[in-house]
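Note sheet for the following structure.
The values are calculated or read from the model by the stated rules, or taken from the named source; none is laboratory data. Keep in mind it's a predicted model, so treat the numbers as computed, not measured. Virtual Cβ from ideal backbone geometry, glycine too; neighbours counted across all protein chains shown. Ligands, DNA and RNA are excluded from the accessible area calculation, which covers all protein heavy atoms including side chains. Shrake-Rupley method; radii C 1.70, N 1.55, O 1.52, S 1.80 Å.
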Amino acid sequence: MGVTASEEDVKKLIELRIATANHMSGLIDKDLRKYIMESILANFRGGFLLPALQIDYILEQTTVKQIRQTLSGLPHTLSDNLNLTLARIAQQGSSRASLGMRTLLWLYHARRPHNLLELQHAIGTNSAVRNISNLDLADLEFFVAYTFGLVTVHPDSNIVQFVHQSVNEFIWLHRARLFRKERRVLPSLISHILMIDALSNDHAGMEVEKQESDRGIAREDQSGHARSI
């Protein structure tokens, strides 16, 4: 998500989110849509992340009254909205909250980018399980869905990352408070991150050796072909 945005960009974002929220079509009429737009734009400070978090929170409400109450009490700063979003993640059902927080924890501590399949297998693995099966793996969509807009997947590389650097910075500032419940799994998690990175480096080394070997065989073939001529 880009660092800066124009007011027109944010209007398009809000319109798109409302238009694709099919479950809200019976609740949001023209007047309420205008009120939502005005309320979010009143807090706009030039970035995408704040209005994106706000509209996502608004679209979670289930009645017109709840939407209006949410708009009247909407946090104004990015820091307050990140706090609210992290609280919402923690307030999901226990399994969803755990998956959401572990996803954030993994991305925060990871030493290199991980694609979605790597993240799925990493979080599905624990120290008590040697052999992982598909029954241990969360659905790929859950890693984004249960982190409420704080995590995104790059469409080309499939790399999972924080939606903006400010999320990583906020987590760094508040890591002790945010990951209090996950602290007991942190040592094994970091150990697992290091293991996966080591395996990745070994695999990369093997690929380089294979490529060098292939090039050597190709040179020998070309040399032998030249001698035969």
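Need pairs with beta-carbon distance below 8 Å; first residue among the acidic types (Asp, Glu) and within region 48-59, second open to solvent by 10 Å² or more (accessible area, probe 1.4 Å); sequence gap 6+ or separate chains.
Filtered contacts from region 48-59: Asp56/Arg17; Asp56/Phe148; Asp56/Gly149.
Looking at (1) under 20 Å from Ala176 (Cα atoms); (2) open to solvent by 20 Å² or more (accessible area, probe 1.4 Å); (3) not charged (D, E, K, R), find the lone condition where Ala145 falls short.
Here Ala145 meets the rest and fails (1).
Right, Ser133: over 11 Å from the mean Cα position of the chain (by Cα), in contact (Cβ under 8 Å) with a residue 40 or more places away in the chain and closer than 14 Å to Leu117 by Cα or not?
Spelling it out, it is not the case that Ser133 is over 11 Å from the mean Cα position of the chain (by Cα), in contact (Cβ under 8 Å) with a residue 40 or more places away in the chain and closer than 14 Å to Leu117 by Cα.
Find the residue count for region 73-91, including only residues that are free of Cβ contacts under 8 Å to residues at least 24 places away in the same chain and under 12 Å from Ser39 (Cβ atoms).
Count: 2.
Among the residues of region 70-109, count how many are part of a loop (DSSP other than H, G, I, E, B) and under 20 Å from Ala145 (Cα atoms).
So the answer is 3.
So, in region 48-69, how many residues would count as being assigned to a helix (DSSP H, G or I) and under 19 Å from the mean Cα position of the chain (by Cα)?
9
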